[in-house]
1. Would a scan of segment A:382-398 turn up a residue that is in the same structural domain as residue A:334 (by TED's automatic domain parsing), of a type in the set (A, V, I, L, M) and in a loop (DSSP other than H, G, I, E, B)?
2. Kindly indicate the residue of segment A:203-255 that is among the aromatic types (Phe, Trp, Tyr) and within 12 Å of chain B (Cβ to nearest Cβ) and also surrounded by the most Cβ atoms within 10 Å (Cβ to Cβ) among those meeting that condition.
3. Does residue A:412 qualify as being more than 16 Å from ligand 1 (Cβ to nearest atom), modelled with pLDDT under 95 and surrounded by 15 or more Cβ atoms within 10 Å (Cβ to Cβ)?
4. Residue A:386 - would you say it is within 16 Å of ligand 2 (Cβ to nearest atom) and within 14 Å of chain B (Cβ to nearest Cβ)?
5. In this structure, is residue A:79 modelled with pLDDT of 95 or more, outside the structural domain of residue A:345 (by TED's automatic domain parsing), more than 23 Å from residue A:333 (Cα to Cα) and not hydroxyl-bearing (Ser, Thr, Tyr)?
6. Somewhere in segment A:343-358, is a residue within 30 Å of residue A:390 (Cα to Cα) and within 13 Å of chain B (Cβ to nearest Cβ)?
7. Out of segment A:58-76, which residues are on the phi < 0 side of the Ramachandran plot and either within 16 Å of ligand 2 (Cβ to nearest atom) or more than 14 Å from chain B (Cβ to nearest Cβ) (or both)?
8. Provide a single number: the residues in segment B:5-32 that are closer than 17 Å to residue B:149 by Cβ, charged (D, E, K, R) and over 14 Å from the mean Cα position of the chain (by Cα).
Amino acid sequence: MGDTSNQVSGSRDVRDVVEDVGRVAETGEVPSRIHNDREIHEVELERVFGEMWVFVGHVSEIPEPGDYAKRYVGDSPFIFVRDETGEIRVLFDSCQHRGTTVVRAEQGNTSHFRCPYHNWTYKNTGELVGVPYKNEFYQELDTCEHALESATQVDSYRGLVFATISESAPPLEEYLGDFTWYLDLNLGFVEDGFEVVGEPIRWEIDTNWKIGADNFTGDSYHTLATHKSAMDLDIFPPELSATGAERAPADVTNCSGHSCMLAYLENGTLTGGYPPEVFSADGLSADQFEIARGLVSSVGTVFPNLSFLQMNLNADPDDREVTAFLNLRKWQPLGPKKTQLWNWILVPRTASEEFKERAYDTGIATFSISGSFEVDDFAVWDGIAEAAGSTYVKKHRSTSNFQMGVGEMSDSADISEEWPGPGDVYDTNLEDGTMRTFYQSWYRAMTHRRIDAEREDAPSKRRDRRPNQEERR
Amino acid sequence: MNDEHLLTLECRQFLVTEAELLDDHRLHEWLELLTDDIEYRVPRRVMRERGAEASEFSDDGFLFRDDRGTLQTRVERYDKEYAWAENPPSRTRRIVGNVRPVERADDDVTVKNNVIVYRSQGDDADHDLITGEREDVLRRNDDGEFRLARRTVRLDQTVLPTRNLSIFL
Ligand code: FES
Ligand SMILES: [Fe+2]
């Protein structure tokens with residue numbers, strides 16, 4: 001099988017499974033096995049995490065020259081650093097001498113990275129500036145050739161820094177495509193944007209990374225069941241939830257390969273979650289700004305593994321007020337049944353300290369490791385991977401159902417024509433098109449296509465791909 | 001027994017009783033052991049270089065930063081059948097040790113102690129182990145009984161090896 005084939009690598013079995021995912025738009029089903037399979041995981045590392053743009057961090061995490069944080073693109077270690085000139089870099093964390101990682105801390109500030117093995121020393125630009133005994137034993141070594149390598153492409157959008165280790169990935173702007181309309185809407189309605197509070201909370205769960213990523217495209221159906229207790233207690237006021245009458249819902253599917261859901265109060269009615277003074281119309285269209293002002297809840301996934309969430313929640317309904325915050329989430333694959341979560345809470349930069357604190361507290365009390373929403377998700381998601389990895393699932397080719405909104409299942413309407421933004425948009429949050437988009441993109445990535453079907457005519461150049469293990473066999 | 005010993009014993013007794021309530025899922029009784037102005041915090045631990053200026057325990061990042069009201073809300077949620085994280089409930093065992101009062105002021109005693117929380121829940125032999133040092137402020141109420149007025153849990157983990165924290169530390 002050739003390098004440039006659109007077929008997925010791997011055994012015939014796995015190829016069939018992936019091809020089945022490719023029909024998700026019509027069938028509304030995906031083989032359960034994709035949620036826990038060693039071989040699929042390995043192909044994903046190469047074709048999804050090795051070819052797509054992956055979120056690294058937010059600019060506000062490294063405000064000062066020398067600030068750095070250790071980050072990962074798939075399983076590859078990187079240093080997310082602001083160099084002494086103020087430029088943000090994403091450097092492969094592997095010494096140019098014998099390859100060990102030069103960063104051992106999670107984050108910090110330094111002008112230089114010194115390798116612990118033989119003490120080669122790099123500036124925070126990546127430049128190699130120190131080689132012990134160079135004049136004696138390494139006289140012909142050209143230090144210019146041995147800078148820490150940058151990720152193949154690095155770019156940012158509205159403060160979100162992404163990197164890809166692929167030479168053939170399209171530029172970030174093109175990769176995000178029309179979905180920038182929704183990123184603008186979610187990030188751009190406050191003056192000066194958002195800032196991260198504290199450090200991302202990290203923890204590990206026994207499930208597949210895709211479960212969280214698909215859920216965060218907009219599984220409003222589960223909110224009513226999994227999160228019933230949070231709604232019963234008004235942590236998520238029921239009038240704001242998917243069954244609430246006041247809110248105008250929209251599910252955004254097929255948006256350059258990404259998807260999201262949102263619900264908002266019409267006519268720009270404020271929800272009260274953010275203080276009125278943080279809003280700023282600059283940089284958004286009138287339509288975007290009106291939706292953003294009334295945003296009740298909003299979740300989405302930038303394929304493959306960056307999700308965002310904005311909700312109006314209350315950590316203590318008796319004594320506190322409904323509060324909004326921006327949550328960023330990265331689903332880092334550690335194995336077919338092991339995911340490391342990275343959770344950031346962001347607040348509007350110009351908000352008062354009092355509000356920032358309340359917003360952060362609301363964020364961690366609802367959407368984090370101890371959050372009253374999330375703790376229940378994690379209790380459920382382990383089970384998906386457990387069953388998906390079983391012999392029964394293989395033998396019986398069990399499937400997972402994403403059929404809400406397929407065919408005549410429901411009377412949701414396509415409102416793309418009158419909707420001001422891009423994508424195929426539906427007038428409900430109770431449909432699975434956002435998740436079908438996610439799996440469609442996964443299928444396209446796994447078969448080496450651009451995730452954006454509309455750019456299929458512009459196939460990526462595929463240079464210098466090394467065959468993976470299956471192909472070498 | 002001198003005052004010092006007596007105080008240590010008294011603190012130990014409080015913490016052991018508290019752990020028992022948590023292990024037995026008697027969360028409403030646990031709430032009664034807290035003062036109305038309790039500050040309950042679990043800062044995010046960050047792996048930093050030796051000698052780094054910033055503390056390993058974050059000033060701004062937290063796994064919990066709760067007051068009485070938010071703790072109460074959490075407890076009320078666990079009463080619900082649909083609170084899946086604790087249905088079925090976690091099986092926990094808290095071992096509290098190295099109890100050492102470090103400061104006394106008026107009605108307050110600051111007591112450091114170490115905690116190991118064993119937790120299992122699934123249908124297998126796996127378990128989570130969460131460990132840390134707690135710095136607690138115990139305050140005497142009008143009856144001279146201790147109540148927990150402040151807790152800071154300094155965890156040993158930076159990346160938590162547990163799917164969620166639907167338990168109290
Ligand atoms: S491996 Fe880094 S100096 Fe040798
Ligand atoms: Fe959820």
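1. no
2. So, considering only residues that are among the aromatic types (Phe, Trp, Tyr) and within 12 Å of chain B (Cβ to nearest Cβ), the one surrounded by the most Cβ atoms within 10 Å (Cβ to Cβ) is A:236.
3. yes
4. So residue A:386 fails the test.
5. no
6. Yes, the conditions are met somewhere in segment A:343-358.
7. Listed by number, the residues that qualify are A:59, A:65, A:73, A:75, A:76.
8. Number satisfying all stated conditions: 2.
The values are calculated or read from the model by the stated rules, or taken from the named source; none is laboratory data. If you're wondering where the values come from, they're calculated on a predicted model, not measured in any experiment. Virtual Cβ from ideal backbone geometry, glycine too; neighbours counted across all protein chains shown. Note: areas computed on protein heavy atoms with side chains; ligands, DNA, RNA excluded. Shrake-Rupley method; radii C 1.70, N 1.55, O 1.52, S 1.80 Å.
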